[in-house]
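Step one of this worksheet: look at the structure below.
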Amino acid sequence: MATDSTIEIYCPACQWEPDGGAHWQCRCGHVWNTFETGGTCPQCHYRWAVTTCPPRPGGCGVTSPHIDWYHGLEALVEELVEASLPVPASVAAQPV
Ligand SMILES: [Zn+2]
Ligand SMILES: [Zn+2]
């Protein structure tokens, strides 16, 4: 059933897959499943750019960029990056 657009979520360091549990605690004290909200705390709305692999349910404890947990996005991300590249500024105009 897998297609090219399938997105998998797992730790980039140890391949641990989030089990749907609330394994992450925000600095405000709220505990939730960060992958349900794309890294944003539902209580204080702080956006976490990094996500730690939780050792308790079987992870490795390594902190990685949140985006690195998503696999299958590479092609899409590359397209977006290429599309947003600034057009090279032309060299200083030559006097005529
Ligand atoms: Zn919070
Ligand atoms: Zn891990």
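Read-outs: derived from the displayed coordinates by stated rules, not from any lab. The model shown is predicted, which means the values in this text are computed figures rather than measured ones. Note that we place each Cβ from the backbone using ideal geometry, even for glycine, and neighbour counts take in every protein chain shown.
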Built amide H within the under 5 Å cut-off of V62, gap 5+: C53
Charge context of C11, other residues only, Cβ under 15 angstrom, K/R +1, D/E -1: -3
Amide H within-cut-off set for T40, under 5 Å, with H built and near neighbours excluded: W48
5 angstrom amide H check on W24, placed H, neighbours 5+ away: W32, T34
Note, ³J(HN,Hα) from phi for the stretch 12-29, Karplus 6.51, -1.76, 1.60, rounded to Hz, x at Gly and Pro: x, 8, 10, 6, 5, 9, x, 9, x, x, 8, 10, 10, 10, 7, 5, 8, x
Net length gained if the chain between E8 and E36 were fully extended (0.36 nm per residue, minus Cα distance): 8.7 nm
Formal net charge of residues neighbouring C60 (Cβ-Cβ distance under 15 Å; K, R +1; D, E -1): -2
HN-Hα J in Hz across the stretch 41-50 - Karplus 6.51, -1.76, 1.60, θ = phi - 60°, x for Gly and Pro: 5, x, 8, 10, 6, 6, 9, 8, 7, 10
